[in-house]
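See structure below.
Coordinate-derived values only; no laboratory data. No experiment lies behind these values; they were computed from the predicted model shown. Because the Cβ atoms are built from the backbone with ideal geometry, glycine has one as well, and the counts that use them run over all protein chains shown.
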Amino acid sequence: MSKLPAFSARSYDFVEYVPARNWIGGQWREPTTKKTVPVENPRFGKALSSVPLSGAEDVDLAVKAAERAQKGWREVPMRERAQVFYRLKALMERDLEELAWLVTHENGKPYEDARASVEKGIECAEFGAALPNGGGAGQQLEVSRGVVCREIHEPLGVVAGITPFNFPIMVPLWMLPQAIVGGNAFVLKPSEQVPLGSMKLAELLKEAGLPDGIFNIVHGAADVVNALCDHPTIRAIGFVGSTKVAKLVYARGAASGKSMLCLGGAKNHMILVPDADPKLSVENIVASFTGATGQRCMAASVLVAVGAVEHVLGPVVERARQIELGKHLGPVINAAARERIERYVTEAEKAGAKVLVDGRGQRGGPEGYWAGVSVLDGVTPEMGAWQDEIFGPVLSIVRVKTLDEAIALENSHPYGNAASVFTTSGAVAEHVVRRVEAGMVGVNIGVPVPREPFGFGGWNQSKFGQGNLTGLDGFRFWTRPRKITMKWELQTDTTWMG
């Protein structure tokens, strides 16, 4: 097996990388098709690698390798399966700099953001290693005299994941620990825009002792997604991406009888009330919509200003002006993303919104795809800046008079991923937490991402399928429960279970 290039030094300097290849049965495989597309470094706007556009034949090869391997893997005790992720955690910590470097080059994140995303992936691996000691072990209860009910979780077989460009290493690790510790074999289709981090992950899993065929990668675009949805051997698919694509993937996979959990887009609202702590609110509000250059489904891109909150809004605008491209923020993923982001700002301005901070035309370097921070005031629900997921560093301020107006506005949006409230009042916080239509809610936290064992997932048009993708919900999604009722002792009395 040829190894990936050795990591040399942490740097933003442009370098070329090996072409992406499929990982099937524990080795690199050339795809059956010769079609490729470039993998661009967004910081420079030029190709650092290439990725194959695989097809249904490649998917079938990966599924067959997975199916062969899974027959033995399911018989391995869960505790031994979990040890793979214990070792993976240590290996990822050893190679943390290299993993972060890969994210900075294929995705464009600044080093600090890239490292933080890898560290979150390590945390997910750690959770997988602990599953036998937690909810993965099942449960047992004496339900009547001499009668015991037991529940165990069994693997589905071969499962698959389809992941986006914004977190090349972290999002696959939302799925892999629970699915593989659960006894399944996995086929990953990473975004064709960021295939390199998953390749490194494949080599680390092999080094951690994962048997060949349990983890496979098939690179490509829509043809691979469709083949995964249609393949009769694949039992479940997890997806993270836009709502438009999530709907299509969910419908196609469910039509063939698969368990489907597809996380889509978001338009997360932050509600700011007059009694909010100014310092805490300003830092969290700005970080929430600028972090990851706004390219995350947890970006809070709408600020609902309730009443007289100018004492907070003013510092928010000033703090937003201090965000520097190339230093605090990386580029967006491609030229089309930059054009889309700037178009929303222009359209909102034409519709009557005031541009308080204008990121249009800003650049973080002589090359690459840069979109500066923008803050819009006077946004209304008729504008695309409120309706659509911009996926860039743009904050839309909407003015309302009352808290209930703010809640009604948030609840009127078809998405339901996350919502936050900034207040020093426990009563106000509880009022909002209990009433907003969002699966993840924050109090004085702009990005309320739950940590394991709590699951990541929204409501409404932000999620298609049941449950959550991370935490114990994720383990339950990738497995099926078997309930066993046993009676061994003879009893003198009888119940309905006698």
(Q) What aspartates and glutamates does Lys120 reach when the alpha-carbon gap must be under 13 Å and sequence neighbours fewer than 8 apart in one chain are set aside? (A) Glu93, Glu112, Glu452
Q: Treat each spin label as a single point 7 Å out from the Cα along the C-beta direction, and report the Val443 to Asp404 distance in nm.
A: 2.2
Q.
Once you place label points 7 Å from the Cα toward the Cβ at Lys244 and Glu123, how far apart are they in nm?
A. 3.2
Q: For Lys401, go through the lysines and keep the ones whose alpha-carbon is under 25 Å away, minus same-chain ones fewer than eight residues off.
A: Lys267, Lys279, Lys350, Lys354
Q: Could you list Val225, Val15 in order of exposure, starting from the residue whose Cβ has the fewest other Cβ atoms within 10 Å?
A: Val15, Val225
**Q.** Approximate spin-label separation Glu203-Arg482, in nm, with each point projected 7 Å along Cα-to-Cβ
**A.** 3.9
Q.
Could you tell me the center-to-center distance, by alpha carbons, between the stretch 97-134 and the stretch 337-354 in angstrom?
A. 33
(Q) Considering only C-alpha atoms, what is the centroid distance from the stretch 176-251 to the stretch 428-488, in Å? (A) 22
Q | CD proxy at 222 nm, helix term only [per DSSP H run n ≥ 4: -39500 (n - 2.57); per residue of the chain; nearest 500] | A | -11000 deg cm²/dmol
**Q.** Ordering of 176-185, 321-330, 439-448 by packing [mean C-beta count within 10 Å, highest first]
**A.** 176-185, 439-448, 321-330
Q) Where a ≥ b ≥ c are the square roots of the eigenvalues of the C-alpha gyration tensor, would you call the stretch 1-159 rounded, which needs a/c under 1.5, or, failing that, prolate if a/b is larger than b/c, or oblate? A) oblate
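Set the Förster radius R0 to 22 Å, insert the Cβ-Cβ distance between Gln387 and Val433 as r into 1/(1 + (r/R0)^6), and round the FRET efficiency to 0.05. Let's see the in-between values first.
On the way: r = 25 Å, r/R0 = 1.12.
After rounding to 0.05, the efficiency reads 0.35.
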Q. Can you list the HN-Hα couplings for the stretch 209-218, worked out from phi with the Karplus curve (6.51, -1.76, 1.60; θ = phi - 60°), rounded to whole Hz and with x for Gly and Pro?
A. x, 6, x, 4, x, 6, 10, 9, 10, 10
(Q) For the pairs Lys89/Lys200; Lys189/Lys258; Lys71/Lys483, flag any whose C-alpha to C-alpha distance is greater than 19 Å. (A) Lys71/Lys483
Q) Once phi is turned into θ = phi - 60°, what whole-Hz ³J(HN,Hα) does the Karplus curve with 6.51, -1.76 and 1.60 give for every residue of the stretch 92-102, x standing for Gly and Pro? A) 5, 5, 4, 9, 4, 4, 5, 4, 5, 4, 4
Q.
I need the calculated FRET efficiency for the pair Asp277 and Thr32, taking r as the beta carbon distance and R₀ as 41 Å, to the nearest 0.05.
A. 0.10
Q | Computed FRET value (nearest 0.05) for Asp358 with Glu154, which takes r as the C-beta separation and R₀ as 35 Å | A | 0.05
